[in-house]
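Here's the structure, in structure tokens; my notes come after.
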């Protein structure tokens, strides 16, 4: 695997704290010229120097992972390859420099591109009659959670306080939440048939109706959500206020997402869940059984364990439907998701649909050498009436391969030989021998010869660029 380069990350963090190279070098006990070489990835960073950097810059060592730069690079590479922009090939060095040295400018480029795409769609008649949106609310909400590493200490504290008052073990939590709703808020919970709905709350009657089609763990989560709606609303609004979201729709999406987060934190308390995750080596099925939650709830909670003083394994989390639409995506692990197009067909996420209810495992190797242990399985939601296809999704997770020994799904794998080469998306991938390629690459000229047919449907020479 390629040695991680963190010089640009150090340069960004130093600039954010308005510190000169000379000032930082003095505090680290090295020369300014040596620090300059480090910041340009021309010298390695020793373990002792890493510790000093964490102390001097007052940050957790996880901040030096380069995750932000890799995410920005992936986004910029995808954006700048769009043929509609009419750009010549942008060198990788320039993309890396922009992402590492000017992160605010990189984010601005991504925001402008997103706004341009939406405006272009609007101009094609896709706009709603009410007018244009310069930013899709689901994208804005997704960025909100991503920018905060999908961890909210304020909501964890509210959940821990409430959990301490309930004092219920996982097997009794549903009953404890229902009793809290009844005694403290006068809310009765009823389970029965609901016409086309899974949950409905009537504030006037103080009644929460849950569909009888919901499994037990989903009923528990819906009750926890309702309790947090009543008791954690102030904390949720305090998290939302500084974000300056651009639309009422985005605010509503973020609010619901935060209430879901708080409900999960109540049902799966941070310290207890982190301890169980380590003991069970992050086996999602076992965690779901221990805490009385669903596979998806247990998996999602794993992706939030990023408390500064007690971090879990950084996982990415993804939920995708059979058409390839992603409706949930978090990346504490630094996996560079494609933001504006489909992902690689060789990725385990898409293969999992072929084996319902079975957990699939893959070592995924990106073109830059980064490798991730990935695991995925299908989940099926209840239908609201007969004849409706059951909604199916794949929930996928993954972590950096260096943490594979901590995850049960790596057992039995020859990690050195099991890697499968994947790309961010077909149009950005340089792998010439891929038999799963759906589209030709944007940056390479095709070799079209009627006298020969190769394994890949789109043949090209990786050395020949447009």
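Assorted remarks:
- Net length available on complete extension from residue 402 to residue 42 is 127.3 nm, with 0.36 nm assigned per residue and the Cα-Cα distance removed.
- Footprinting exposure proxy ranking of 420, 326, fewest other C-beta atoms within 10 angstrom first, gives 420, 326.
- The Rg/Rh ratio of the stretch 196-352, with both radii computed over alpha carbons and Rh defined as the Kirkwood radius, is 0.97.
- Residues 223, 19, ranked from the fewest to the most other C-beta atoms within 10 Å, line up as 19, 223.
- Antiparallel %, DSSP beta bridges [both residues in the stretch 310-419], to 5: 95 percent
- A Förster radius of 35 Å, combined with the Cβ-Cβ distance separating residue 358 from residue 167, puts the computed FRET efficiency at roughly 0.40.
- Pairwise FRET efficiency - residue 202 versus residue 58, Cβ, R0 = 45 Å, nearest 0.05: 0.35
- From most to least packed by mean Cβ count within 10 Å, the peptides 259-266, 399-406, 146-153 give 259-266, 399-406, 146-153.
- Net lengthening on full extension, residue 154/residue 230 (0.36 nm per residue, minus Cα-Cα): 25.8 nm
- The per residue volume of the convex hull around the alpha-carbon atoms of the stretch 153-267 is 107 Å³.
- Separation between Cα centres of the stretch 263-321 and the stretch 365-424, rounded to whole Å: 15 Å
- The stretch 276-328 - Rg and Dmax from Cα coordinates, angstrom: 12.3, 39
- For 437, 180, 200, order by how many other beta-carbon atoms lie within 10 Å, fewest first: 200, 180, 437
- Ordering of 183-191, 365-373 by burial proxy (mean other Cβ atoms within 10 Å per residue, highest first): 365-373, 183-191
- The stretch 310-419: Cα Rg divided by the 2.2 N^0.38 Å rule of thumb: 1.12
- Inter-label distance, nm, simple model (7 Å from Cα along the C-beta direction), residue 26/residue 416: 4.8 nm
- Put simply, the Cα atoms of the stretch 174-218 extend 29, 24, 11 Å along their principal axes, the longest span coming first.
- Available extension along the chain between residue 388 and residue 308 is 24.4 nm, counting 0.36 nm per residue and deducting the alpha carbon span.
Every number here is computed from the coordinates shown, using simple stated rules; none is lab data. Here the structure is a predicted model, which means the values were calculated and not measured. Note that we place each Cβ from the backbone using ideal geometry, even for glycine, and neighbour counts take in every protein chain shown.
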